[in-house]
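> Before I ask anything, here is the structure I am working with.
The values are calculated or read from the model by the stated rules, or taken from the named source; none is laboratory data. The shown structure was predicted, so the numbers you read here are calculated from the model rather than taken from an experiment. Heads up, the Cβs are rebuilt from the backbone with ideal geometry, glycines too, and the neighbour counts pull from every protein chain shown.
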Ligand SMILES: CC(C)(COP(=O)(O)OP(=O)(O)OC[C@H]1O[C@@H](n2cnc3c(N)ncnc32)[C@H](O)[C@@H]1OP(=O)(O)O)[C@@H](O)C(=O)NCCC(=O)NCCS
């Protein structure tokens, strides 16, 4: 593979980005099942799929992004929106980069693009949550400048956890980043 310089905020190589459309839903469902390294087993895959229903591609497409390779196969995606309730906040709901495309600046390019969209809409902070057992996500968000919000308890690694945040047994870690 040829070496290429990484340009912050830009997609590497021949990748292109566009807004998602409802017909992208089936392949996003496949990615949600297959790109998380089996996190949570079959139940985890189903939970993730149900967390990205088609409505996000119908009603939140302007603040979401999909990345494709030249042959139009799916490489990465970000589902995000501007909070309707809090005019200072934008929210990243889900991000995924295909396993063979990681650590190449794609995730950060998607985030930088979303941050710019949020700033242009007058938002001053971005929020997101993740599962305490998603260590890659914890490391990535720390690297992207997010800070952890205090939780109900801290786990063995000192990570603040909100217990039962999304229902019984559905603990979450909460992140915020100023823009
Ligand atoms: C998390 C994820 C989106 C990161 O995407 P990515 O394209 O690999 O991220 P980037 O290459 O842009 O990395 C951005 C920075 O984070 C760091 N980083 C990324 N993943 C990391 C990890 N697992 N551990 C430590 N640092 C990490 C990179 O080194 C880079 O830092 P640098 O600028 O100092 O080099 C990707 O690993 C993924 O899709 N994971 C599975 C799905 C998931 O967990 N999504 C998040 C919860 S919804």
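> Residues of the stretch 135-158 being loosely packed, with under 15 Cβ neighbours inside 10 Å and farther than 18 Å from residue 92 by Cα, which ones?
First pass over the stretch 135-158, keeping only residues loosely packed, with under 15 Cβ neighbours inside 10 Å: 135-136, 139, 142-143, 145, 147, 149-150, 152-158.
Passing the criteria: 150, 152, 153, 154, 155, 156, 157, 158.
> Something else now. Quick one: would you say residue 104 is near the ligand (Cβ under 10 Å from one of its atoms), more than 21 Å from residue 179 (Cβ to Cβ), surrounded by fewer than 20 Cβ atoms within 10 Å (Cβ to Cβ) and modelled with pLDDT of 95 or more? Spell out how you get there, then give the answer.
On the way: near the ligand (Cβ under 10 Å from one of its atoms): yes; more than 21 Å from residue 179 (Cβ to Cβ): yes; surrounded by fewer than 20 Cβ atoms within 10 Å (Cβ to Cβ): yes; modelled with pLDDT of 95 or more: yes.
When the stated conditions are applied, residue 104 passes them.
> Starting from the stretch 82-111, take each residue that is under 17 Å from residue 60 (Cα atoms) and assigned by TED's automatic domain parsing to the domain that holds residue 37 and list its partners that are part of a loop (DSSP other than H, G, I, E, B) and within 8 Å of the ligand (Cβ to nearest atom), counting only C-beta distances under 8 angstrom and pairs at least six apart or across chains.
Between residues of the stretch 82-111 that are under 17 Å from residue 60 (Cα atoms) and assigned by TED's automatic domain parsing to the domain that holds residue 37 and residues that are part of a loop (DSSP other than H, G, I, E, B) and within 8 Å of the ligand (Cβ to nearest atom), the close pairs are 96/35; 96/36; 111/144.
> Out of the stretch 46-73, which residues are under 24 Å from residue 100 (Cα atoms) and either within 12 Å of the ligand (Cβ to nearest atom) or within 13 Å of the chain's Cα centre (by Cα) (or both)? First the steps, then the outcome.
Of the residues in the stretch 46-73, the ones under 24 Å from residue 100 (Cα atoms) are 46-49, 51-52, 64-73.
Hits for the stretch 46-73 are 47, 48, 51, 52, 64, 65, 66, 67.
> A further question follows. How many residues does the stretch 133-179 hold that are touching a strand residue (DSSP E or B) at 6+ places or on another chain (Cβ under 7 Å) and either free of Cβ contacts under 8 Å to residues at least 24 places away in the same chain or away from the ligand (no atom under 12 Å from the Cβ) (or both)?
Residues flagged as touching a strand residue (DSSP E or B) at 6+ places or on another chain (Cβ under 7 Å) and either free of Cβ contacts under 8 Å to residues at least 24 places away in the same chain or away from the ligand (no atom under 12 Å from the Cβ) (or both) within the stretch 133-179 amount to 23.
> Could you identify the single residue in 13, 38 that is part of a loop (DSSP other than H, G, I, E, B), within 18 Å of the chain's Cα centre (by Cα) and within 14 Å of the ligand (Cβ to nearest atom)? Explain how you work it out, then say what you get.
Numbers: 13 fails: within 18 Å of the chain's Cα centre (by Cα).
Going through 13, 38 in turn, the sole match is 38.
> Here is a list of conditions, (1) under 30 Å from residue 41 (Cβ atoms); (2) in contact with a helix residue (DSSP H, G or I) (Cβ under 6 Å, 6 or more places away or on another chain), and residue 168 meets all of them except one; can you say which number that is?
Going through the list (1) under 30 Å from residue 41 (Cβ atoms); (2) in contact with a helix residue (DSSP H, G or I) (Cβ under 6 Å, 6 or more places away or on another chain), residue 168 breaks only (2).
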